[in-house]
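K.L.:
The following block contains the structure, expressed as structure tokens.
The values are calculated or read from the model by the stated rules, or taken from the named source; none is laboratory data. Quick caveat: nothing in here was measured; it's all calculated off a predicted structure. So basically every Cβ, Gly included, is an ideal-geometry build from the backbone, and we count neighbours across all protein chains shown. Only protein heavy atoms, including side chains, enter the accessible area calculation; ligands, DNA and RNA are left aside. Shrake-Rupley method; radii C 1.70, N 1.55, O 1.52, S 1.80 Å.
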Amino acid sequence: MPETEEALRTLARNVRTARARAGLSLDELGRRAKVSKGALVGLEKAQGNPNFATLIRLADTLGVSVSALLEGPAEARVRVVSGDEALPLWQGEKGGEARLMLTTAGPAPVEVWRWRLEPGEEYPSHPHQAGVVETVSVTAGRMTLVVDGTEHPVAAGQTATFDGDAAHGYRGAGDGTCHLIMTVQLPPGS
């Protein structure tokens, strides 16, 4: 969730631009993304501060990446992002977090996320648009990946991939912190 005034202004501008490009009214975007019109009006005036789930629903509905809603214009051919520059977009009850590090350019963008899950901490995700592919690579600890209600243990040194248009979630497993890198490959044209 954006926390600075500049980040809120960037988000407002990007949502307005993406909504106009998609040809959607505030009412229609709100209906499709399941966000109130009042919240959208506030957001587009840089007065709202949507949660992570709302950002994902807006991005999916507008056919763009989450980072396309959050980032300003690209400034250089090479972009290096420090972990402390990327604000957490999700924070768990036990101290876990998810940070969107960057999104690649090109016809099929890829979001690169850095996650930390504490034992028992869980993040349930709604299904994404068709064509989204998620990959999780655990660098330390263990997690349980849940896809369509089926649990899949993933330990340090293991990588799992799945179609993101299914209901899914992530849960810290074991008694240590789980660190993982997640990529979200978006369909061409996103």
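Per-residue answers, yes or no, for (1) over 19 Å from the mean Cα position of the chain (by Cα); (2) farther than 20 Å from Asp60 by Cα:
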| position | (1), (2) |
| --- | --- |
| Tyr123 | no, no |
| Pro127 | no, no |
| Ser137 | no, yes |
| Gly141 | yes, yes |
| Thr150 | yes, yes |
| Ala155 | yes, yes |
| Asp163 | no, no |
| Tyr170 | no, no |
| Gly176 | yes, yes |
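K.L.:
Separate question: Would you confirm, using the coordinates I've provided, whether Lys45 is of a type in the set (Lys, Arg), open to solvent by 40 Å² or more (accessible area, probe 1.4 Å), touching a helix residue (DSSP H, G or I) at 6+ places or on another chain (Cβ under 9 Å) and in contact (Cβ under 8 Å) with a residue 24 or more places away in the chain?
P.N.:
yes
K.L.:
When you scan segment 68-76, do you find a residue that is surrounded by fewer than 17 Cβ atoms within 10 Å (Cβ to Cβ), closer than 24 Å to Gln185 by Cβ and touching a residue at least 40 places away in the same chain (Cβ under 8 Å), even just one?
P.N.:
Yes, segment 68-76 contains at least one residue that is surrounded by fewer than 17 Cβ atoms within 10 Å (Cβ to Cβ), closer than 24 Å to Gln185 by Cβ and touching a residue at least 40 places away in the same chain (Cβ under 8 Å).
K.L.:
Pick from Arg116, Arg99: which is assigned to a strand (DSSP E or B) and open to solvent by 60 Å² or more (accessible area, probe 1.4 Å)?
P.N.:
Arg116
This table checks each residue for (1) open to solvent by less than 40 Å² (accessible area, probe 1.4 Å); (2) of a type in the set (Gly, Ala, Ser).
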residue: Val132; (1), (2): yes, no
residue: Thr139; (1), (2): no, no
residue: Thr159; (1), (2): no, no
residue: Gly169; (1), (2): yes, yes
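K.L.:
A further question follows. Give all pairs with beta carbons closer than 6 Å in which a residue from segment 107-121 that is in contact (Cβ under 8 Å) with a residue 12 or more places away in the chain and closer than 21 Å to Asp60 by Cα meets a residue that is part of a loop (DSSP other than H, G, I, E, B) and open to solvent by 30 Å² or more (accessible area, probe 1.4 Å); count only pairs at least 6 apart in sequence or on separate chains.
P.N.:
Close Cβ pairs (under 6 Å, with a partner that is part of a loop (DSSP other than H, G, I, E, B) and open to solvent by 30 Å² or more (accessible area, probe 1.4 Å)) amount to Pro107/Pro188; Ala108/Pro188; Pro109/Ser190; Val110/Thr104.
Matching residues to (1) closer than 28 Å to Ala130 by Cβ; (2) surrounded by fewer than 16 Cβ atoms within 10 Å (Cβ to Cβ); (3) touching a Lys or Arg at 6+ places or on another chain (Cβ under 6 Å):
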{"residue": "Thr4", "(1), (2), (3)": "no, yes, no"}
{"residue": "Arg19", "(1), (2), (3)": "yes, no, no"}
{"residue": "Ala22", "(1), (2), (3)": "yes, yes, no"}
{"residue": "Val41", "(1), (2), (3)": "no, yes, no"}
{"residue": "Leu58", "(1), (2), (3)": "yes, no, no"}
{"residue": "Gly63", "(1), (2), (3)": "yes, yes, no"}
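K.L.:
Also, quick follow-up: Val136 passes all but one of (1) at pLDDT 90 or above; (2) hydrophobic (A, V, I, L, M, F, W, C); (3) not in a strand (DSSP E or B); which number fails?
P.N.:
Only one criterion is unmet by Val136, namely (3).
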